[in-house]
Amino acid sequence: MTAGMPQPQLPIDTSKPHPARVYDWLLGGKDNYPADQRVGETLPEEARGNAARNRAFMHRASAWLARNGVDQFLDIGTGIPTKPNLHQVVQAITPTARVVYADNDPIVLRHAEGLLISSPEGATDYLHADVGEPRAILERACELLDFSRPVALSLIALMHFLPDDQDPYGITRTLVDALPAGSFLVLSHGTADQHPELKQKTETAYKKGAIPLRMRTRSEVEPFFEGLDLVEPGLVFATEWYQEEPAPAQERSGFYVGVARVR
Ligand SMILES: C[S@@+](CC[C@H](N)C(=O)[O-])C[C@H]1O[C@@H](n2cnc3c(N)ncnc32)[C@H](O)[C@@H]1O
């Protein structure tokens, strides 16, 4: 089932780079433009591997949640559809799972049909929305998700696009406060802790594209999980978050990740 159609049509400004399209370029996708490619090409080489490893974390964490009985997901900062998308991962385990996606890039909206092909037993919806308005997202997500039962909230590779003055911690708190006990926060966040020598190059590339980027240190990422119970292995680099599967040989990572349970 697909909910919430039809979607609005919004103009796409391809003259300016946008995080979703730069990320698409890094993942080897085709939904990006010269302005995005220029940012991608000026990023350190490691950025491509970091993007792929972040995406792989999203797959592992979502599958783990589905295997552990979570069947409702709210994914904000979804990105341009890249198979497998979150609903494909979780519906392969729980066909009745319901997934609400939200992103503020009109190009993601344009490709939303790729996110809306749900399993017949489950349901997906897409919201064109900005995480800076968390209450509006929650209000609309209620149309598909039942907030009296556990929901997994994914903020994956999103919050580093919110500078401190946009209150990323307060926004996360507002979203988490709407979740009942037994829900989860799944978060990944850009960091230069493992490769400080690449910090400046990364920040300069995004700055030139007028994309705000605020990579954070471990102590700056920890507060996103305040009041929540991190599941093992805790707040770690993307290359270290494994459950049943043994972690492969370690590579450096540009992302901190964590999955935490709401009390
Ligand atoms: C790096 S991509 C991550 C995509 C996906 N979550 C993943 O990790 O594979 C970041 C996404 O966040 C979206 N985004 C950035 N700022 C946003 C905001 N203020 N509100 C909603 N989405 C935003 C971008 O459009 C982009 O699709």
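Readers should treat all values here as calculations from the given coordinates under stated rules, not as data from a laboratory. Small disclaimer: the values here were computed from a predicted structure and weren't measured. FYI the Cβ positions are ideal-geometry reconstructions off the backbone, even for glycines, and counts take in every protein chain you see.
Available extension along the chain between ASP165 and ALA181 is 2.8 nm, counting 0.36 nm per residue and deducting the alpha carbon span. Amide hydrogen proximity for ALA123: with H placed 1.01 Å from N in the peptide plane, the residues at 5 or more positions away or on another chain lying under 5 Å are ARG98, VAL99.
Considering only the other residues whose Cβ falls under 15 Å of the Cβ of SER154, what net charge follows from Lys and Arg at +1 and Asp and Glu at -1? After counting each charged neighbour, the total is 0. Close Lys pairs in the range 19-261, defined as Cα atoms under 24 Å apart and 8 or more places apart or on different chains, number 5.
Computed 3J(HN,Hα) for the range 105-118, one whole-Hz value per residue from the Karplus formula 6.51 cos²θ - 1.76 cosθ + 1.60 where θ = phi - 60°, is 9, x, 6, 5, 4, 4, 9, 4, 4, x, 9, 9, 8, 8, glycine and proline marked x. Under 15 Å from a label point set 7 Å out along the Cα-to-Cβ vector of LEU10, the amide N atoms of the range 19-39 belong to 19-21.
Near VAL99: Cβ cut-off under 15 Å, other residues only, Lys/Arg at +1 and Asp/Glu at -1. The net charge is -4.
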